[in-house]
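What follows is a set of notes on a single structure, which appears directly below.
The values are calculated or read from the model by the stated rules, or taken from the named source; none is laboratory data. All values reported here derive from a predicted model rather than from experimental measurement. Please note: Cβ atoms are built from the backbone with ideal geometry, for glycine as well, and neighbour counts cover all protein chains shown. What goes into the accessible areas is simple: the full protein's heavy atoms, side chains included, and nothing from ligands, DNA or RNA. Shrake-Rupley method; radii C 1.70, N 1.55, O 1.52, S 1.80 Å.
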Amino acid sequence: MVSSVTKQHQYGIDPLNCKESDSMNVVLRDGRPDDAERCGVICFEAFKAISDQHNFPRDFPAPEPAIGLLTHLLSRKDVYSVVAEIDDRVIGSNFLWETASIAGVGPITVDPSVQNSAIGRRLMQDVLERAQRQGFAGVRLVQAAYHNRSLSLYTKLGFDTREILSAIQGAALGLEIVGHPVRPAKKEDLEGCNKVCERIHGFDRGQELVDAIEQGTATVVEREGRIAGYATAIGFLGYAVAENNEDLKALIGAAKEFPGPGFLLPTRNSELLRWCLQNGLRVVMPMTLMSIGLYNEPRGAFLPSVIY
Ligand SMILES: CC(C)(COP(=O)(O)OP(=O)(O)OC[C@H]1O[C@@H](n2cnc3c(N)ncnc32)[C@H](O)[C@@H]1OP(=O)(O)O)[C@@H](O)C(=O)NCCC(=O)NCCS
């Protein structure tokens, strides 16, 4: 862990405040690769239920992408997983991304037939306890702002609201910003990119960037011969950091698509939001960035990812 995040913050759970769903014989255990299909279907159904209920676009268009994501997560060594069962039947899961100094939660999903019975609370407590055992300085997540239950649950567990976000979607802009050239990121850019991230967030997110470079989705923006910002992707699962809004506009303008429901833009960055809207992009839904433990107020322009 880097020096700027050395302070350990205690964000433990008050055991006296634990709601027991014992009457339902809920058992928690580590996730396994063969949980992917069942957990993926629950993930699809759980998000579908809330988005349909509120008339917002679905996070996953069909079960398969959710199963694909969970297959990937259950195979990663740097992602901790927990599964909830009732009578040996899986009814929910949660994940903790352990890829940087600040851990990320999600996706957490509970079978709609047993929601609102304290199972989500237990799955959240489990990953928070794991984060504390592993010595993470803080934990973050992004929730759908229209979902009163998750907002209430996370707030009761100690999470603070840090940013109101707007998920943005639309056709690729195909725009260049003069003086801010964008190109695909290479392995050699890692050091320069990490420096930008450290300046803005106080820690680097190099591992996620390495993955994105390997997948060919990462881009960098240069100014006066140096890296002024980068994106792992301009999309739901990607994040971007940049020294200023012009750099970020260049990264957004160069994106070939915005994968997932949309990319997440801090709503109070009115100038950037206005620029996106003026260029024909649309607001899809409101979301909230929440965190517990150490949080460094970003010192630059940024787009968070939905998970980490
Ligand atoms: C979000 C989710 C994981 C929560 O799990 P759950 O088992 O339904 O929730 P729980 O019963 O454990 O906790 C809900 C808490 O919110 C409280 N709550 C619910 N609605 C509330 C409201 N409108 N105002 C205040 N409190 C509210 C409940 O009282 C409960 O608090 P308590 O634990 O102190 O009693 C689950 O609903 C789900 O899968 N939703 C769909 C997918 C999703 O949105 N995932 C989260 C992505 S960030």
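Here is how the numbers come out for the structure above:
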item: Cα→Cβ-extended label distance, 7 Å offset, between residue 224 and residue 164, nm; result: 3.6
item: Largest-first ellipsoid semi-axes for the chain, taking √(5λ) over the Cα gyration tensor eigenvalues, angstrom; result: 33, 21, 18
item: Antiparallel bridge percentage (DSSP; both residues within the chain; nearest 5); result: 95
item: Solvent-accessible area, 1.4 Å probe, carbon plus sulfur percent, for the stretch 61-121; result: 51
item: Chain lengthening between residue 25 and residue 116 when straightened (0.36 nm per residue, less Cα-Cα); result: 31.2 nm
item: Å² of accessible area per residue within the chain, as computed with a 1.4 Å probe and no ligands counted; result: 44
item: Nearest 10 degrees, 0 to 90: helix 190-201 Cα axis against the chain principal axis; result: 70
item: Stokes-Einstein D (µm²/s) once Rh is taken as the Kirkwood radius of the stretch 197-308 over alpha-carbon pairs, at 37 °C in 0.692 mPa s; result: 229
item: Extended-chain gain in nm, criterion 0.36 nm per residue less alpha-carbon gap, residue 75 and residue 55; result: 3.9 nm
item: Cα-derived Rg to Rh of the stretch 18-173, Kirkwood definition; result: 0.95
item: Reciprocal mean inverse distance between Cα atoms of the stretch 193-246 - Kirkwood radius, Å; result: 11.1
item: Rotationally averaged projected area of the stretch 117-214 (alpha carbon convex hull; nm²); result: 9.6
item: Greater than 28 Å apart at Cα, pairs in 156/249; 77/256; 77/156; 186/256; 195/249; 77/186; result: 156/249; 77/256; 77/156
item: DSSP-defined antiparallel bridges as percent of all bridges, the stretch 74-155, nearest 5; result: 80
item: Hydrodynamic radius of the stretch 162-252 per Kirkwood, over alpha carbon pairs, in Å; result: 13.3
item: For the stretch 218-263, fraction of C-alpha pairs farther apart than 18 Å, in %; result: 20
item: Accessible area of the stretch 245-308 belonging to carbon and sulfur atoms, whole % at 1.4 Å probe; result: 50
item: Set of aspartates and glutamates near residue 187 by C-alpha distance (under 17 Å), chain-local residues within fewer than 8 positions excluded; result: 204, 208, 211, 214, 222
item: Gain upon complete extension [residue 283, residue 215; 0.36 nm per residue less C-alpha separation]; result: 21.7 nm
item: Label-to-label distance, nm, for residues given as residue 88 and residue 133 (7 Å Cα→Cβ offset); result: 2.5
